[in-house]
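The values are calculated or read from the model by the stated rules, or taken from the named source; none is laboratory data. In this text, all values refer to a predicted model and were calculated from it rather than measured experimentally. Please note: Cβ atoms are built from the backbone with ideal geometry, for glycine as well, and neighbour counts cover all protein chains shown. These accessible areas exclude ligands, DNA and RNA; they are computed on the full protein's heavy atoms, side chains included. Shrake-Rupley method; radii C 1.70, N 1.55, O 1.52, S 1.80 Å.
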Amino acid sequence: MAIRKPRGTQDFLPEQMINWHYIEQRMREICKVYGFNEIRTPAFEDTKLFLRGIGETTDVVQKEMYTFTTGDDGGSSFTLRPENTASAVRAYLENKVYGKEGLTKWYYMGPMFRHDKPQAGRYRQFHQFGAEVLGSQSPVVDSEVICMVVQLLKDFGLKDLNVEVNSVGCPTCRPVYREKLIEFFEPKKEQLCSDCQERLYKNPLRILDCKNETCKSLSVGAPEIHEHLCEECHDHFEELKTYLTAANVQYTLNPRLVRGLDYYTKTAFEVQYTPLGAQSAVAGGGRYDGLVEELDGPHTPAIGFAMGMERLLLALEKQNLLPEPTVEPSAFVVALGDVAKVEAFKICQALHDAYVTVEMDGQGKSMKAQLKYANKINAKYVIILGDDELARGEAIIRFMETSEQETVPLDTVSERITSLVKG
Ligand code: HAM
């Protein structure tokens with residue numbers, strides 16, 4: 001049986017890569033405007049990074065990690081990164097970036113790996129575009145990060161985005177809220193799904209965003225975190241809302257938004273695009289003021305987000321918002337016979353030197369088939385090296401759009417094509 005790609009992974013062929021390049025370019029542009037610089041971290045890390053960083057009770061750590069050991073690393077355990085925030089913090093500490101700059105603004109793009117049940121919009125290898133700001137506790141930064149996400153999505157032409165925000169408190173106020181939730185859910189424990197029964201004492205906040213219908217109905221009337229925020233978290237959240245309003249960002253408050261990773265403190269947010277159906281979260285993020293310390297670094301408040309690139313592409317495709325591919329002017333050299341092929345090769349090299357897109361036949365095709373191929377690849381100019389022309393030291397340039405032809409001396413062909421293409 002032929003070998004196939006692993007379940008939940010995708011091949012992206014050149015037609016699709018055009019769209020990837022389009023979104024990546026716009027992501028880079030917006031990062032530049034907001035002052036973010038790109039980083040790249042390894043696709044796999046020491047498993048301990050994710051256990052400590054993301055949290056041992058999260059679904060990601062408990063069910064979704066691709067973890068492996070190799071014989072020659074003394075039994076060390078590695079994990080394909082399920083997300084990039086923990087890795088960014090690890091890189092921030094390992095490279096002692098905290099000592100070099102006051103505020104660090106990084107972005108990244110790349111593959112992440114989660115062993116989840118594949119479905120439309122959910123993959124086992126997927127790509128995230130994300131950004132992290134390390135070194136500020138100001139809600140101005142939270143709002144700026146949210147504004148950047150919303151602006152990017154809107155600039156792609158997406159409408160009807162739902163920006164949900166919440167505060168998940170901090171180590172001062174969350175334990176009190178946690179107790180309240182346990183008190184609320186304890187009498188209903190037997191009716192909760194098995195996952196939530198486990199979550200009850202480990203991470204009861206997660207019950208609030210369980211997708212199970214029974215758990216959803218059981219959590220109606222549950223205490224809301226807003227009633228339990230400490231003064232600092234309350235003020236931070238109020239300021240965040242003020243800045244979002246000032247920036248004209250429309251948002252909804254979702255007291256059930258708790259996010260699936262343990263490192264969040266204060267601000268949590270998600271951008272939903274409902275036409276995507278079940279996997280409608282295009283981006284999500286929040287503040288993680290304790291993560292740098294959790295990974296043995298100095299106290300460093302931070303905030304960030306990540307966007308699912310496949311989900312963004314699905315949304316753009318659904319709304320017909322992907323640009324028509326543009327055809328760059330290019331050339332094709334038609335040649336038959338050994339002498340003509342050497343001349344064709346020389347012309348191609350000269351044009352490649354000038355960064356003009358050009359190809360010649362490499363499959364022994366007939367003259368007719370070469371012309372057909374030139375048509376297929378949308379060559380704007382076709383250089384024909386026929387026997388008669390070659391004997392006279394000439395070549396024909398055919399303008400494919402108009403079918404007009406001109407004859408030029410062989411040694412000026414590449415200059416002529418270059419000036420036609422480059423203007
Ligand atoms: P996350 O919510 O786990 O957050 O993932 C962010 C986004 O990645 C999701 O909103 C979704 O668009 C996409 N995504 C997640 N899982 C999959 C999947 N299996 N298939 C396709 N797309 C997926 C984080 O990863 C945090 N690191 C975000 C963050 C950065 N928080 C602070 N800084």
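If C170 meets every condition in (1) open to solvent by 60 Å² or more (accessible area, probe 1.4 Å); (2) more than 20 Å from the chain's Cα centre (by Cα) apart from one, which number is that one?
Unmet for C170, out of (1) open to solvent by 60 Å² or more (accessible area, probe 1.4 Å); (2) more than 20 Å from the chain's Cα centre (by Cα): (1).
Residues P323, P223, P275: which one is touching a residue at least 12 places away in the same chain (Cβ under 8 Å), open to solvent by less than 40 Å² (accessible area, probe 1.4 Å) and more than 13 Å from the ligand (Cβ to nearest atom)?
Details: P323 fails: open to solvent by less than 40 Å² (accessible area, probe 1.4 Å); P275 fails: open to solvent by less than 40 Å² (accessible area, probe 1.4 Å).
Result of the check over P323, P223, P275: P223.
Name the residues in the range 86-120 that are farther than 16 Å from E294 by Cβ, open to solvent by less than 20 Å² (accessible area, probe 1.4 Å) and touching a Leu at 6+ places or on another chain (Cβ under 6 Å), would you?
T104 - this is the single residue of the range 86-120 that is farther than 16 Å from E294 by Cβ, open to solvent by less than 20 Å² (accessible area, probe 1.4 Å) and touching a Leu at 6+ places or on another chain (Cβ under 6 Å).
Kindly indicate whether E83 is in the same structural domain as A306 (by TED's automatic domain parsing), free of Cβ contacts under 8 Å to residues at least 24 places away in the same chain, within 20 Å of E293 (Cα to Cα) and not hydrophobic (A, V, I, L, M, F, W, C).
Answer is no for this residue.
Could you tell me whether the range 257-270 includes any residue that is open to solvent by less than 30 Å² (accessible area, probe 1.4 Å) and small (G, A, S)?
Yes, because at least one residue in the range 257-270 is open to solvent by less than 30 Å² (accessible area, probe 1.4 Å) and small (G, A, S).
Please go through the range 20-72 and pick out each residue that is of a type in the set (G, A, S) and more than 19 Å from the chain's Cα centre (by Cα).
G53, G55, G71
In the range 121-136, what residues are open to solvent by less than 10 Å² (accessible area, probe 1.4 Å) and either part of a strand (DSSP E or B) or more than 9 Å from the ligand (Cβ to nearest atom) (or both)?
Those that are open to solvent by less than 10 Å² (accessible area, probe 1.4 Å) and either part of a strand (DSSP E or B) or more than 9 Å from the ligand (Cβ to nearest atom) (or both): F129, G130, A131, E132, V133, L134.
Taking into account only those residues within the range 286-306 that are outside any helix (DSSP H, G or I) and open to solvent by 30 Å² or more (accessible area, probe 1.4 Å), which is nearest to the ligand (Cβ to nearest atom)?
G290
Here is a list of conditions, (1) of a type outside the set (S, T, N, Q); (2) at pLDDT below 95; (3) surrounded by 12 or more Cβ atoms within 10 Å (Cβ to Cβ), and P14 meets all of them except one; can you say which number that is?
Condition (3) is where P14 drops out.
Just checking, which of K318, K241 is surrounded by fewer than 22 Cβ atoms within 10 Å (Cβ to Cβ) and touching a residue at least 60 places away in the same chain (Cβ under 8 Å)?
K241
Please list, ordered by first then second residue, the pairs with beta carbon atoms under 6 Å, 6 or more apart or interchain, first in the range 355-371 and assigned by TED's automatic domain parsing to the domain that holds K341, second modelled with pLDDT of 95 or more and of a type in the set (D, E, K, R).
Q370/D361
Which residues, taken from the range 62-93, are at pLDDT below 95 and either within 12 Å of the ligand (Cβ to nearest atom) or in contact with a His (Cβ under 8 Å, 6 or more places away or on another chain) (or both)?
K63
So which helices (runs of 4 or more DSSP H) are wholly in the range 161-270 and hold at least 3 residues that are over 26 Å from L51 (Cα atoms) and in contact with a Ser or Thr (Cβ under 9 Å, 6 or more places away or on another chain)?
231-246
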